[in-house]
Amino acid sequence: MTETPKDAAHRLAKHKIAEGFVPEALHVYRDATGAPIYWRVRAKHPNGEKWVRPMRLSGHGYELKEPDFPQSKKPLYRLDKIASEVGALVWIVEGEKAADALTKAGLVATTSGSADSAADADWSPLGGRTCRLWADNDGAGAKYMTKVATCLEPLGCVVSTLDVAALELPPKGDAADWLDKWLETHSEASTSDFESLPVCVPQPLPYTAAEDVLARVEMLDASLIVPEAVTWFWDGWLAAGKLHILAGPPGTGKTTAALALGATLTIGGRWPDGTRAPSKRIALWSGEDSGPDVLVPRLMANGADCSKARIVGSVTEDGEQRAFDPATDVPLLRRALAGTQDLGLLIIDPIVSAVAGDAHKSNDVRRSLQPLADLAEATGCAILGISHFSKGTGGRDPVERVTGSIAFGAAARIVIGAAKRTEDEGGGRILVRAKNNLGPDTGGFCYDVEQVSLPDYPDIQGSRIVWGSPLDGTAKALLATAENDQSDDERTEREEAADWLSETLIEAGGQMSKREVIRLGERAGYKERTLERARIKAGVSFKTSGFGRDKCSNWQLGGITSAPPIAPYAPATNGGGNGGNGGGDGFTVTADGVETHFDDVKEMF
């Protein structure tokens with residue numbers, strides 16, 4: 001006969017019952033769907049002593065032990081009720097008994113458990129909800145609610161505190177005690193009766209002990225901390241709750257690679273090593289690419305379930321919209337993500353945009369990245385920041401090559417490097433582990449980037465990652481081999497700019513306005529004159545359309561395979577004697593069968 005939770009609780013509490021303890025309750029903690037997660041067995045001795053223990057079901061049957069909670073955070077009580085009553089006011093009390101009493105009265109009520117459990121609970125399901133705190137009538141209850149309010153504030157909750165003093169509760173009285181007394185004179189209660197109870201306005205500190213008002217550092221007893229294993233989404237590569245950086249030179253398809261990893265999470269697909277990914281949601285912010293024509297096509301090209309992907313958009317502030325700024329808006333992002341269940345990955349591209357200050361100063365970088373590290377820990381997701389390798393750093397330790405201060409590599413728990421392989425090495429690209437504070441820091445994988453038509457949108461193309469064979473060796477050795485031991489100093493700035501330009505246009509679908517190219521290039525460290533010179537080397541054609549103020553210059557990948565000859569050239573036939581779109585508006589060169597318009601002679605070189 002299968003043992004029921006109630007039978008198991010009696011069996012496991014048998015020794016306490018023999019000591020005179022009387023079973024009081026068996027509280028079940030469920031997930032959002034109503035499935036049991038674990039139980040709390042409660043018994044009380046006539047002398048007032050309480051005995052409360054967690055009970056779980058394992059492969060060995062029921063036992064007095066907590067289960068392993070995701071991200072080390074415990075679920076709230078009656079989580080299924082919270083999930084099913086989305087628009088309802090949520091009442092937060094201390095203890096399951098009080099939550100049961102309010103639930104029986106028709107309210108949505110929850111608790112994290114005992115008075116010292118607030119910091120250990122996962123409050124994220126309450127993100128953006130309206131909450132009312134009902135403290136027990138004692139100092140411990142007031143302190144508990146203060147800590148609860150601190151947990152709810154970053155989640156964007158609307159929080160109010162019930163004026164317990166006005167309820168004339170006895171010392172240590174709680175919501176259940178008040179309800180028992182209230183029902184003596186009222187046959188039944190309605191939600192409006194509870195919502196009309198007095199609240200503290202304005203809300204003062206629930207307790208005034210001077211030592212609790214002052215800021216203080218909490219010291220943790222190491223002997224009471226239970227060791228925990230690292231949670232890996234991809235073993236050795238993506239760790240839950242940690243900050244990662246993916247860096248490499250232009251032309252390596254770093255953003256596409258990051259999106260390919262995210263796409264794998266959304267479908268619970270296979271990693272490059274063949275292992276299965278968990279099914280997770282992802283979020284991404286890009287300061288350079290838009291959603292409709294770049295990010296979403298690339299997600300789709302990599303097989304993502306786009307219903308599990310969120311793109312960080314603009315910020316609404318004081319009734320107006322502005323661009324999201326990762327250097328200042330991480331608290332807002334944390335609030336926006338608070339209600340996202342199963343968040344596995346957040347991509348920040350580029351990570352340098354998160355720095356408020358000088359990206360080459362360690363203190364500025366560390367201070368700026370800490371909110372992201374805190375966000376990763378709070379949500380349990382892996383944060384992946386995209387960056388470049390600094391110029392002139394070939395042959396050095398890959399972590400030191402990340403653009404900006406060395407603090408970028410130091411702050412990240414895992415640094416991933418990308419590089420292009422020479423034709424002698426077989427071409428393509430490689431992804432390597434440059435640093436790993438949590439596991440192995442060697443090895444990698446070959447990959448390449450290809451353009452494909454989207455299944456449901458045949459006229460739209462997106463870039464996707466094609467994974468190849470695994471690699472052995474240190475990151476420094478693998479990168480040196482891929483780059484043919486050619487230092488960045490030996491490459492001209494024009495060559496680097498040409499690689500960057502090719503990658504940028506590929507990811508943009510092959511074409512972009514000159515103005516946008518110059519804007520993005522300046523952010524990447526390339527001057528306009530350098531990009532103009534690199535254009536021919538990258539095989540980028542130049543076309544102009546429109547007239548006057550409507551004139552638009554576009555750069556398009558393809559059409560030029562080498563620098564066009566200075567002469568002979570074919571003057572434009574669509575405008576006056578000087579060629580171009582009207583008199584004095586440049587000339588046209590025909591190369592490889594493609595007509596390319598130049599504003600003037602300088603533009604040609």
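The values are calculated or read from the model by the stated rules, or taken from the named source; none is laboratory data. Keep in mind it's a predicted model, so treat the numbers as computed, not measured. Here the Cβ is made from the backbone with ideal geometry for all residues, glycine too, and neighbour counts use every protein chain on show. Areas reflect the complete protein model, heavy atoms only, side chains present, ligands, DNA and RNA absent. Shrake-Rupley method; radii C 1.70, N 1.55, O 1.52, S 1.80 Å.
Structural remarks
- Annotation: extensible slack from VAL52 through ASP120 equals 22.8 nm (criterion: 0.36 nm per residue apart, minus Cα-Cα distance).
- Averaging Cα coordinates gives a centre for the range 276-335 and one for the range 116-187; these two points are 35 Å apart.
- Antiparallel DSSP beta bridges within the range 1-133, percent to nearest 5: 70 percent
- Taking θ as phi - 60° and the Karplus parameters 6.51, -1.76 and 1.60, the scalar couplings of the range 162-167 work out to 5, 7, 4, 4, 6, 7 Hz in sequence order, x denoting glycine and proline.
- In the range 1-65, chymotrypsin sites (Phe, Trp or Tyr not before Pro) in a DSSP loop with at most 12 other beta-carbon atoms within 10 Å: none
- Taking 0.36 nm per residue of sequence separation and removing the Cα-Cα distance, the ALA32/LYS181 pair yields an extension gain of 50.4 nm.
- Rg/Rh (Cα only; Kirkwood hydrodynamic radius) as it applies to the range 225-296: 1.01
- Of the peptides 245-255, 106-116, the ranking by mean beta-carbon count within 10 Å, highest at the top, reads 245-255, 106-116.
- When CYS381, CYS552 are compared by accessible area at a 1.4 angstrom probe, the order from most to least is CYS552, CYS381.
- Hydrodynamic analysis of the range 1-151 uses the Kirkwood radius over alpha carbon pairs. Inserted into Stokes-Einstein at 10 °C and 1.306 mPa s, it gives a translational diffusion coefficient of 98 µm²/s.
- Computed from the C-beta positions of ARG270 and GLU153 and an R0 of 45 Å, the FRET efficiency is 0.65 to the nearest 0.05.
- Restricting attention to the range 245-387, close to 20% of DSSP beta bridges with both partner residues there are antiparallel.
- Between TYR457 and ILE225, the modelled labels are 4.7 nm apart [label points 7 Å from Cα along Cα→Cβ].
- Here the range 418-443 is scanned for amide nitrogen atoms under 16 Å from the site 7 Å beyond the Cα of SER469 along Cα-to-Cβ, giving 421-431, 443.
- Cα gyration tensor, the range 206-352 - rounded (a/c under 1.5), prolate or oblate: oblate
- Using 0.36 nm per residue and subtracting the Cα-Cα separation, the extra length available between GLN370 and ASP68 on full extension is 106.0 nm.
- Which listed pairs, of LYS254/LYS308; LYS435/LYS537; LYS280/LYS361; LYS81/LYS308; LYS97/LYS308; LYS65/LYS147, have C-alpha distances above 29 Å, in listed order: LYS435/LYS537; LYS280/LYS361; LYS97/LYS308
- Segments 412-423, 350-361 sorted - mean Cβ within 10 Å per residue, highest first: 412-423, 350-361
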